[in-house]
1. With an 8 Å cut-off on Cα pairs and a minimum separation of 6 or more residues, tell me the relative contact order of segment 10-268 in percent.
2. Fewest Cβ neighbours within 10 Å first, please rank 211, 219 accordingly.
3. Just how large is the dipole of segment 10-268 about the Cα centre, in debye to the nearest 20, putting +1 at every Lys and Arg Cβ and -1 at every Asp and Glu Cβ?
4. Looking at segment 10-268, what % of its DSSP beta bridges pair antiparallel, to the nearest 5?
5. What helices does the chain have that are whole DSSP H segments, at least 20 Å long along their own axis by Cα, and with mean Kyte-Doolittle hydropathy of -1.0 or more?
6. Efficiency by 1/(1 + (r/R0)^6): what FRET value for residue 10 and residue 150, r their Cβ-Cβ distance, R0 = 45 Å, to the nearest 0.05?
7. What residues have an amide H closer than 5 Å to that of residue 188, excluding those fewer than 5 places away on the same chain, when H is modeled at 1.01 Å from N in the peptide plane?
8. Rounded, prolate or oblate for segment 10-268? Axes are the square roots of the Cα gyration tensor eigenvalues, ordered a ≥ b ≥ c, and the cut-off for rounded is a/c under 1.5.
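What follows is calculated from the coordinates using simple rules that are stated; it is not laboratory data. The structure displayed is predicted, hence computed values, not measured ones. Here the Cβ positions follow ideal geometry from the backbone for every residue, glycine too, while neighbour counts run over all protein chains shown.
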Amino acid sequence: MVVDTHKPSAWDRVCSYLVRDPLIYLYTVVLGTASLLCSLFDPGGRRQHWLARAWAGLIMKTSGCRMTVVGAERLDGSRACVYAVNHISALDIPVLYHALPFQFRIMAKKELFRYPFLGWHLRRSGQIPIERENARASLRSLIDASRTVQAGMPLLVFPEGGRSATGQINPFLGGAFYVAIKGGVPVVPMAIVGSFEAVPMNKYVIKPRPITLVVGEPISTGGFTPRAMDQLAAITQNAVEDLYYARAEVGDPRTGTPASQMPATTTPAGSEP
């Protein structure tokens, strides 16, 4: 049984419904509109990415969630990588835009691209939609994504294919690892810890709490062929699970043991490691 660790207070509910949620919707509409306008004269996406980082920073401040990064020295925007991260909350995208200090592209399910403002920004800023119901369209998207990393642009992926409803990590799909192998770039495992307890799936009340992004050691794709994408997915999932369950409040289903306490040494987002 998964324990509900969210349990917001009455004050959290009032603040969320009357202040935090309306402000977040306002940021999304205003900065999403600005991003759309910038896309008319910003083919490289730099201004749009700056606006996305501003949007994320405002959301993190408004949510009251303090952000830290562990392993920030492994974030290198000067070379292409596939950054593979777990997905447990609607806060995850703001967390990543706030924490990663360089431009990147997101490979995400096509449904996200249908949302007003957020979806418009994703499409106009060059993010890559994946249509899993259509194998031919999905393969085209994966090939496009591999060209993106071959051109030197880091790629961010949620290999689970969607948010976890339990806070535990779901099985990784192989598509993102096909991209890494085809593009000849390493995979960097990352884990977001704490965003599930702040805002679980299908919840709208924000419970302010610390959120940590943990960056693991890069995994080389040398020696892997596209047919071995599921093997690389399993290796990466194990690495992400090690990073996550060492710090998460939810237990590790691999061992059935409770998670350990978060380590005291962390690096504030945006600071030197």
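1. With pairs under 8 Å counted, the relative contact order is 24 percent.
2. 219, 211
3. With only Lys, Arg, Asp and Glu charged at Cβ, the dipole is about 680 debye.
4. Of all bridge pairs located within segment 10-268, approximately 30 percent are antiparallel.
5. 21-38, 46-63, 135-150, 229-245
6. For R0 = 45 Å, the calculated efficiency reads 0.30.
7. 82, 83, 84, 219
8. Oblate, because a/c is 1.5 or more while a/b does not exceed b/c.
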